[in-house]
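S.K.: Structure provided below as structure tokens; questions to follow.
Each value in this text was obtained by applying a stated rule to the coordinates, not by laboratory testing. Values in this document were obtained by computation on a predicted structure and should not be read as measured data. Backbone-built Cβ (ideal geometry, glycine too); neighbour counts: all protein chains shown.
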Amino acid sequence: MAEDNFLKLLKNTAKEQSFLGREKLIPDQLSDLANFVASYLWQSMLVLAVISAILLNLWTFLSN
């Protein structure tokens, strides 16, 4: 009985993983950008942080 439950669970998990393998999270147009960000995660985060800081300072400067 427990073996049947395990086999059903294993089969369901295999179906879910198969679906996830076919499903694209990112469209093809953004795949190069996604690969770059995945390869250079810290550098990408640093660039985004610098750009955000510059825009925030510019926005506060212009609003005063």
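S.K.: Is it possible to state the helix-based mean residue ellipticity at 222 nm for the chain, with each DSSP H run of 4+ residues giving -39500 (n - 2.57), the sum divided by total residues, to the nearest 500 deg cm²/dmol? What is it?
M.R.: Working: 3 runs with 53 residues, N = 64.
Roughly -28000 deg cm²/dmol at 222 nm, from the helical runs in the chain.
S.K.: I'd like the Karplus ³J(HN,Hα) series for segment 25-39: coefficients 6.51, -1.76, 1.60, θ = phi - 60°, whole numbers in Hz, and an x wherever there's a Gly or Pro.
M.R.: 7, 10, x, 4, 5, 9, 5, 5, 5, 5, 5, 5, 5, 5, 6
S.K.: Using the Karplus equation 6.51 cos²θ - 1.76 cosθ + 1.60 (θ = phi - 60°), what ³J(HN,Hα) coupling, rounded to whole Hz, does each residue of segment 53-63 give in order, writing x for Gly and Pro?
M.R.: 5, 5, 5, 5, 5, 5, 5, 5, 5, 6, 7
S.K.: Give me the net charge for the shell around Lys11: Cβ to Cβ below 14 angstrom, other residues only, Lys and Arg +1, Asp and Glu -1.
M.R.: Numbers: positive: Lys8, Lys15; negative: Glu3, Asp4, Glu16.
Around Lys11, the charge tally is -1.
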